[in-house]
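Take a look at the structure set out below.
Laboratory data are not the source of any read-out in this text; all were calculated from the coordinates shown. None of these values were measured; they are calculated from a predicted model. Here the Cβ positions follow ideal geometry from the backbone for every residue, glycine too, while neighbour counts run over all protein chains shown.
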Amino acid sequence: MQKFRPLYFRELSSSYSSAILSPTGAGSPNLVNKISPVISNKNTTIASSSVPIHMIVPVSGRLLTLKRLLTNFDHVVLRTNHSDLINIDLYIVVMETTEDSGERMSTIVDYIKKFIENHQTSRIHLIEAENGNFTRGYARSYGASRFNDTDLLFFIDLDMVFTRELFPRIRHHTIFHKQVYFPIIFSQYDPHYWESTQFQTNFSSFQLRDDVGYWRQYGFGMLGIYKSDLGLIGNWNIEISGWGKEDVEIYDKLVQSSTLNVFRTIDTSLMHIFHTKECSPTLHDDQMKMCKGTKSITLGSQRTLVRHVLKMIELNKI
């Protein structure tokens with residue numbers, strides 16, 4: 001179990017559930033604070049609904065998963081002229097893969113360029129990071145370096161899908177020089193262990209059933225933060241190689257910040273799609289422990305796994 005000071009988690013009362021499912025989530029002003037997410041400076045005041053959001057996603061290989069994310073962005077963002085979606089841009093930071101089975105960087109770059117050309121969009125941006133093999137911390141830091149201090153950034157993983165409700169929540173819960181947003185995401189189990197196969201992923205709403213997945217309380221890969229606030233706590237650790245840990249480090253830094261609040265709530269507009277996970281033997285001990293822990297948790301719900309084992313016993317397979 002990961003421990004982060006001085007934060008603790010507790011169950012919320014049932015009266016809170018309706019707020020969690022609202023467009024802005026549990027952080028609506030009458031429940032959490034009276035601070036409106038408005039950026040003010042000497043010359044301008046920007047209403048939250050028009051604040052541009054810069055989504056940053058690191059990519060290394062995994063072309064099929066990238067295709068899903070781009071399709072998601074196309075369906076939710078590009079195909080609408082709604083006022084709160086016209087200022088959403090996606091920045092894809094591409095690095096070379098270390099996986100033998102992964103597509104080369106040149107293949108990924110060519111696909112992104114073709115996608116941008118075919119969709120005639122200026123809201124998807126390709127960033128090529130020529131710095132050896134992939135590390136997620138470096139890719140995120142490299143992507144963030146392109147922006148101004150007052151820019152609102154949202155770091156997202158390649159395995160995520162999202163609905164349009166995500167963006168007002170990012171704007172509401174991320175407050176310049178005051179608060180950062182770490183959404184608690186819904187993460188799918190292995191579909192082999194779902195109780196029902198009647199499940200379809202679309203980009204307008206998600207079926208968040210307890211046999212399909214779980215709320216990842218200790219996942220910190222998604223982050224809404226202003227560029228200057230990221231700089232204040234030291235940015236991402238670019239030295240970490242391999243799977244995981246860079247998100248835990250940035251979370252720990254933010255929890256210990258004397259000037260920034262960390263806001264966490266269940267976010268029903270984000271879902272992590274299941275994929276098989278291999279823990280490389282080259283990982284450090286702490287990374288290996290985290291990787292194996294995540295791998296075991298995402299197998300299936302306890303109830304479903306018990307039923308699966310009992311069924312195998314009945315069939316004399318174990």
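Side notes on the structure shown:
- Simple label model, 7 Å out from Cα along Cβ direction - Asp285 to Lys317, nm: 3.7 nm
- Per-pair calculated FRET efficiency, R0 = 41 Å: Ser205 and Glu117 via Cβ, rounded to 0.05: 0.85
- Tyr91 long-range amide H proximity, modeled H, under 5 Å: Met55, Ile56, Val57, His125
- For Thr135, residues with placed amide H under 5 Å, excluding near neighbours: none
- Under 12 Å of direct C-alpha separation, and excluding same-chain neighbours fewer than eight residues apart, Lys227 reaches these aspartates and glutamates: Asp149, Asp151.
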